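We did not get these values from a lab; they are worked out from the coordinates using the rules stated. Just so you know, these numbers come straight off a predicted model, no measurement behind them. Cβ: placed from backbone, ideal geometry, glycine included. Neighbour counts: every protein chain shown.
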Amino acid sequence: MINPAYFESLGNETLEFLSKAEKLKKEKNAVVLAHFYEPIEIQLAADFVGDSLELARRCKDLECEKIVFCGVSFMAETAKLLCPEKCVFIPAPDAGCLMADMIDENHILRLREEHPHASVVCYINSTARTKAVSDICCTSANAVKVASAVEGDEIIFVPDRNLGRFVAEQVPQKKFFFHPGYCPIHDNLKLEKVLEAKAEHPGAPVLTHPECQPEICALSDFVGSTSQILRFVAESEDREFIICTEDGVIERMRMLHPEKTFFNPDRETLFCEGMKKITPEMLIDTLENGVGEVFLDEGLRERALRPIERMLEIK
Ligand code: SF4
């Protein structure tokens, strides 16, 4: 629950934006979904804020005409894959994911030729074309479960090598082959920065996203998806935390837990430009004028949907 003092601290401009967005959502029968990495005012305007898995699950159950997805383009694509009957919009259509752009279907087809008995587990941070040639999707919240459940003893894990290695450690009974992709935001976080933060705040547990490098995961007190890190903070009796993931999550923690203190070991690095593209003006423009509708070829949609549905069947 968001503390009332936080709302009182917002400027008039933000409050006006939030009230205009609220009115437009009702008028247009639209639901706004936002990822935890979005700017905080966009998160506040959203009907639901979550990580990739939560947002994918939520899309399926929405009763509305329009979905406005505030995230990067592969997320809006995923919403369209799951809800073809709805109009899906992204207020900044050029908001891309650097990791999703590191792989395409040809990389996967080559990996399949090299390892013909392996199943392709594709991180949801990928384009529809990449998903379409994969066997099953996963998110950082369910990747271990998916890799354990998938048929066979061999897995081609794409595109994030760091998440892949983290999962491989938890599923030692299977053999993994990795694509060399990575999220530059998490991968560029240097061990020295985390060690400096630990030295400055020796009592604070280190909570890390598995897209970070293995040596950072190894020294962390907890490694998990964004929603799992948020839950850890909510349930913990600690008062201080070092958070190794994108800055939007830390902003959210400050809003939800004003009594706790959060340290970002390297704010310049842990900042995803793609996730920060959507501005309040863009969101209003989309709600008002339908800017940024997502369209997908039906054949591609059907092929890319299958690995997502397989993932969602895993409880
Ligand atoms: S934080 Fe990394 S994985 Fe997430 S959208 Fe940005 S570039 Fe992509």
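Within the listed set ALA218, ALA143, ALA304, the Gaussian network model of the chain (springs between alpha-carbon atoms below 10 Å) gives the highest mean-square fluctuation for ALA218. Net length available on complete extension from LEU256 to GLU240 is 4.4 nm, with 0.36 nm assigned per residue and the Cα-Cα distance removed.
Here TYR182, TYR123, TYR37, TYR6 are placed in order of increasing Cβ neighbour count within 10 Å, fewest first, which gives TYR6, TYR182, TYR37, TYR123.
Put simply, the amide H of VAL120, placed in the peptide plane, has neighbours under 5 Å in ASP135, ILE136, ILE156, leaving out anything fewer than 5 places away on its chain. Note on the chain: GNM, Cα springs under 10 Å; of PHE48, PHE36, PHE232, the largest mean-square fluctuation is that of PHE232.
Amide H contacts under 5 Å for CYS70: LEU33, ALA34, HIS35, restricted to partners 5 or more places along the chain or on a different chain, H placed in the peptide plane at 1.01 Å from N. Annotation: region 232-315 has a Kirkwood hydrodynamic radius of 16.8 angstrom, from the mean reciprocal C-alpha pair distance. Near the amide H of CYS244, within less than 5 Å, lie the amide hydrogens of LEU207, THR208, HIS209, all on another chain or at least 5 residues away, with H placed in the peptide plane.
Taken one residue at a time, the phi angles of region 199-212 give Karplus couplings (6.51, -1.76, 1.60, θ = phi - 60°) of 5, 6, 10, x, x, 7, x, 9, 10, 10, 7, x, 6, 6 Hz. Gly and Pro are set to x. The fewest-to-most ranking of LYS60, LYS66, LYS80 by surrounding Cβ atoms within 10 Å reads LYS60, LYS66, LYS80. Taking all Cα pairs closer than 8 Å and separated by 6 or more residues, the relative contact order of the chain comes to 22 percent.
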